Each structure stands twice: as structure tokens, then as C-alpha cells.
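Note sheet for the following structure.
The values are calculated or read from the model by the stated rules, or taken from the named source; none is laboratory data. All of these numbers come straight from a predicted model, not from anything done at the bench. Cβ coordinates were reconstructed from backbone atoms using ideal geometry, including for glycine residues, and neighbour counts include every protein chain displayed. Keep in mind that these areas ignore ligands, DNA and RNA; they rest on the heavy atoms of the full protein, side chains included. Shrake-Rupley method; radii C 1.70, N 1.55, O 1.52, S 1.80 Å.
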Amino acid sequence: MRKLFILSMGMLCTFVSAQNINDVVRYSSDNLQGTARFQAMGGAFGALGGDLSSLNINPAGSAVFNFSEFTVTGSNYNRDNSAIYGNRTLNTDLNSLEINQVGAVFVFKASDDNPWKKISLAVNYDLVQNFDNQFSAAGSSTEGLDNYFLNFAQGQELGNLRTFDGERADDAYLDIGSSLGFGAQQAFLGFQSGLIEPNEDVDENTGYFSNAQYANLDQDYTQVTSGYNSKFTLNLAGQYQENLYLGASLNFHSVFYEKLTTFSETGYDSASDVQFAAFDNFLQTEGNGFSFSLGAIAKLNDNIRVGGSYQSPTWYSLTDNISQRISVTSPVANPNLDLINFNLVSIFPDYNIKTPSKLTGSAAIVFGKEGLLSFDYGYQDMSKAELRPTSDPAFAGENDLIAEQLRNVNSYRIGGEYRIERVSLRAGYRFEESPYENELILGDLTGYSGGIGYSFGANRLDLAYNRTEQDTNAFFFDSGASNSAMVNRINTNVSLGFTMKF
């Protein structure tokens, strides 16, 4: 049976494993999802419209439809990760299959003497992010797991890290978490496992040293993530006169995220009390969010269109829970330490993330029925993101870090389509700057895409291939130890969509 315990808001500031700058970046960015046509053209639809996923860029896009339509899209997601750590490189490959888009638009045409030529209502579901991913890293390092626990232990009184006579390790772990918080919990694990020792064996002691002796350690790390960030959109748009389209959308977000990390190390000196250590963590995040968007598209003439849109901040309300387990080969390790496992769940108070707003400017050239070229430019100031409540001391410090380490993000999307009777050939390019001032943490994202569509008259089939590549410095721990692997991430989506007019 799983044991649940809730930490009070006063203990929130000691929890550093989930609510930090990494969450802000995760929920502020999106991969190129949507319909197969949208993906094939690099998502450059801000001045085009006429596609249900174009509502993610410009909500005026639904007014471009001439007929009511229904579209459904499925994608195969391939994750190819190459992780460099120490003196080794490991490759990991993962596939998942999802229905990533379902939606419909309803077009209502007005009488000829009405300046509003038509009104459109649209509902659409899009998978903003598919979190299914995995990578492994293995190599040698001069920095061990003991550093993680020493970081939390310094300043903690030894008396709070002991177990009472007859008290089990899991009961003490739960009690310390409820009364003293996450930081004291980690110090407890380090002390009870024998990885760290107090400078003095008195309850008032607040200084600690490592009990492990080593020069180089052989370490293995695996991170497995799963879940989604999805968006359900309600859209209203209209065509005014012949050349102006206006629209607005309400967006309802749903988040489910899980991250499992496993870490182990060997290679301690023969004289070391510690000969093996393993430490695993499981994080689960659930929540929802809200945003809105406004946009316009104007036809300057028969060939040129321009568009502009505003995407509001997204206000997320999230809840984290975490489980841990540790195993250390040491003569002074608590023999009941295996009772602390994934059946013990720490639930933390709800918190909020406000992602920055985004502005998009677009232009397109339409060559009659033969084809088109489209360009989108996006601007988002990531330094304006916030963790809330801002009154929490840890969030205040983390928001200062966000303002210092994150920056303006410029993104560029180019797409084209060429039609040969019933066949449409498509291609796209995408470039998005890193949100970090230090691009060694997370590099720029580049993407290429292509696809083909075939029209059956009222119905259409679309196939798309979309590839993105990005480098990231993946840290094994959020604090205390700086162990990290350089990971090259290549994400490839192959999508098939069906569109039906009605």
C-alpha cells in the first residue's frame, strides 16, 4: 500500500527537485505538433490560416476556411538521444504513437449585403508537447553522490537525522518530511545510508563530511520521461469585407508529466566504507492551465497576405509528488533503508507557473492555385516567466535566477507548398533560439520538414515528416552535484492526417 504525506506550505521552500527554472522552460516551449499539413510546412501559417492547427499561431485563421471541415492526425514520435558522459557515449532510441490533433471548424456565410462575409466557430485539440523520452549515460567522474547529500546536510542538526529507539527508517523519513521538509529528508538519507558522517557525534552538530573514499567513480544514469502537455481551443473568427480576418481563442491546457531517474556508482577505494551506492527518484506533475490569443490577417492584394497575433501568458496550476529509494553498501548503513521506496509519496502544495506572452508577425505570398510561400517570426521574453506564489522565498530566488539566466527568444518558420492537380508537395524550416543566456545549457533548435497531400475532392490525406535537433546539458541532480551529460536530441515525427469537408 502506498503511504502519502503532505508537506506544508512552509516547507515548500526546501523542495528543489521539481519547482525551478527547468519547469518554466519545459512548459513554455512546444514541439512542432498539429495537422500533417501544418507540420510539413514548418508551422508557418500565421498569415495563411485555413488549417485547424494554424489557430495555434493566429486565431484569425479559422475565418479563411470556405467550408466546414473536420481533421484528425496521428503521429509516430521517434526520440534518438546520444549522451556523452566522461569517456563514453550511449545512444538511446524510443518510439511512441499518438493521436495528436482532432478538431473541426464550422463556417456560417452571411448575406451579400452584410459587411461580415462569414463567421467561423472552431474547436480543436492539439498535443503541444509529447514528453515521452529516454536517455542513458555512463562514464567515470571525480564527483560522487555524497556531494548531493552533503549539500543538504550542512546546517542540519544531527539530532533531527537520527531514528528513535524502535523507529523504522520509513517512519522517520515521513516524519522528517512532514515537519522539516525535503532538504532535511535528503540529509537524513545521506546520513542513514552511511554516505556522510557528522563532524561531531552530538545532536547539536551541523557540519558533515563524506564517508566515501574515491579518486574516480564509474557511474550509470538513466532518465525516463512520459506524459503530455495538451491544449483544447475554442475559437471564434470572422471575415470583414473582402480582405480582413479577425479572430480570438480561449485555450485550456492539461499537463501530466512523469520523470524517473536511476543513478548508481562503483569504483570506490578498497579502504572506503562505501563500496556501492544507488539513488532513484520518481517525480509526477499534474495540472491545468489557461491562455487566450488574438489575431488578424489582411489581404493586401490577390497575392500578398500579412498577419499578426498575440498569445497571452499561460497560467498553469500544478501539483508535484515525489518518491525516492536509496541503496548503499556500507557497514554503518541503516539495515531498514530499503523500506524507503516508491510506495512512500511526498505530495507538495499546489504552485503556479506563468509563462511569457508571445508576439508573432507573418507574411505570405499566394501564387493562385499553384502554390504559396509563408514566413512567421515569433518573439517571447523568457526572462518574464514566473514561479508563483512569488511570496515564497525559494520562488523569489528562483525567479531572480530566471530573470538572470533566461533571455528573449526569436523564432523563425518558413514553409512552402506547390500543387500539381490533386497533389500538394510541401516543405518547411524552423529555427528557435535557446531561451538560456548560456547556450551550453540548452542549444538552439533547428528543424526541417516535408510532406505530401492528395485531394479526393471533399476529402484529403496528408503525410508529413518533421525532424528537429537540439543539444542540452542534462544535469543528473538539481543541486549539490554538478554531474551532467551532453545530450544530442533528434526528434522525428511522421504524421498522417485525414480532412473531410462537410
Round to a whole angstrom and tell me the spacing of the C-alpha centers of segment 339-357 and segment 131-203.
19 Å
Find how much the distance from SER270 to ARG388 grows on full extension, using 0.36 nm per residue of separation minus their present alpha carbon separation; answer in nm with one decimal.
37.7 nm
In this structure, the FRET efficiency calculated for SER482 and PHE108 from their beta-carbon separation, with R0 = 51 Å, to the nearest 0.05, is 0.30
Full extension between LEU339 and ALA403 adds, at 0.36 nm per residue less the Cα distance, a length in nm of 18.9 nm
Folded to 0 to 90 degrees: helix 182-192 orientation relative to the chain principal axis, Cα:
40 degrees
Straight-line reach only, C-alpha to C-alpha below 17 angstrom: list the lysines that LYS354 could link to, leaving out same-chain residues fewer than 8 apart.
LYS231, LYS384
In segment 104-190, the GluC sites (Glu not before Pro) that sit in a DSSP loop and have at most 12 other Cβ atoms within 10 Å of their own Cβ are GLU167
Set of lysines with alpha-carbon distance to LYS118 below 16 Å, sequence-local pairs under 8 removed:
LYS109, LYS299
List the residues of segment 320-361 whose backbone N lies under 17 Å from a point placed 7 Å from the Cα of SER178 along the Cα-to-Cβ direction.
322, 340-341, 343-349
Angle between the Cα long axis of helix 169-179 and the longest principal axis of the chain, 0 to 90 degrees, nearest 10?
60 degrees
By average C-beta atoms within 10 angstrom, highest first, the peptides 183-196, 47-60, 383-396
47-60, 183-196, 383-396
Result for segment 169-238: accessible area per residue, probe 1.4 angstrom, in square angstrom, of 35 Å²
For segment 264-385, with equal point scatterers placed on the C-alpha atoms only and solvent neglected, what are the log10 I(q)/I(0) values from the Debye formula at q = 0.10 1/Å, to two decimals?
-0.64
Give the angle, between 0 and 90 degrees and rounded to the nearest 10, that separates the Cα long axis of helix 393-405 from the longest principal axis of the Cα atoms of the chain.
60 degrees
In segment 161-209, what percent of the accessible surface is made up of carbon and sulfur (1.4 Å probe, ligands and nucleic acids excluded)?
45 percent
